[in-house]
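Structure first, commentary second.
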Amino acid sequence: MSAETPAAPGTDEHYLRVFRRNFRAWRGTRPFWAGLFVMLGGLPIAYFPYANLRLGHLTLAMATTAGAGSLIIGVLLVVLGISLWFQKHVRVFAGVAAILLALVSIPVSNLGGFLIGFLFALIGGAMAVSWAEDAPPAQQPADAEGAAVAPMGTATQAPVTDTDTVGASDDLSGSSPGNEANGRHSAG
């Protein structure tokens, strides 16, 4: 290999740079941050009911009577976060389930993990529901002169000429608002 040979991307680069680029490409095709927030919300919800806080010689147990319920809610939130990463087509279900579990964690699990887990799970669930996959941009073919041609199925505006009549309708169904039908049955 000589000094003038261009480096091929992915072959002559450091493996961390290649890993980072591949991770960013993978992360961009799924609701990554929503899954991370949902998982981060499940951890304090599951942890705090089983934690003991020590203040000097005083041990403060934060256990609730619904400790098993807190553990189940926390584990379910972590599983929903992982499913958002690897099963992106269930994002609406997982987002709504995360929001509902976050709301249920308020009375069950020390105010939803002292509001930390509640807020993380609520925000992550909302992000999962609102996430939309990026559509690749449609390429427009060029005609002989090099001008871009509109893709099939898109409406193009024709220039208005003097021969066009004002108020003329191209609606052949008979249900345009101009003839008072609107697609509804008329009474009488």
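The values are calculated or read from the model by the stated rules, or taken from the named source; none is laboratory data. The structure displayed is predicted, hence computed values, not measured ones. Positions of Cβ are generated from backbone atoms using ideal geometry, with glycine treated the same way; all protein chains shown enter the neighbour counts. Quick note on the areas: whole protein, heavy atoms, side chains included, nothing else; ligands and nucleic acids left out. Shrake-Rupley method; radii C 1.70, N 1.55, O 1.52, S 1.80 Å.
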Response to the item:
Selection over the stretch 39-78 where residues are more than 11 Å from Gly117 (Cα to Cα) and open to solvent by 60 Å² or more (accessible area, probe 1.4 Å) yields a count of 18
Worksheet item: So which residues in the stretch 67-100 are of a type in the set (Ser, Thr, Tyr) and touching a Ser or Thr at 6+ places or on another chain (Cβ under 8 Å), if there are any at all?
Response: Ser70
Item to complete: Among what's in the stretch 11-38 and is touching a residue at least 60 places away in the same chain (Cβ under 8 Å) and under 30 Å from Val108 (Cα atoms), pick the residue that is most open to solvent (accessible area, probe 1.4 Å).
Response: Trp33
Fill in: Leading residue by the ranking (modelled with the lowest pLDDT) among those in the stretch 112-142 that are touching a helix residue (DSSP H, G or I) at 6+ places or on another chain (Cβ under 6 Å) and open to solvent by 80 Å² or more (accessible area, probe 1.4 Å)
Ile116
Worksheet, complete the sentence: Residues of the stretch 69-110 being among the hydroxyl-bearing types (Ser, Thr, Tyr) and part of a helix (DSSP H, G or I), in sequence order, are Ser70, Ser83, Ser105
Practice prompt. Only residues in the stretch 42-53 that are under 15 Å from Leu76 (Cβ atoms) count as the first member; pair them with residues that are part of a loop (DSSP other than H, G, I, E, B) and not acidic (Asp, Glu), Cβ under 9 angstrom, at least 6 apart or cross-chain, and list the lot.
Written response: Pro44/Ser109; Ile45/Ser109; Ala46/Ser109; Pro49/Met62; Pro49/Ala63; Pro49/Thr64; Pro49/Ala66; Pro49/Ser109
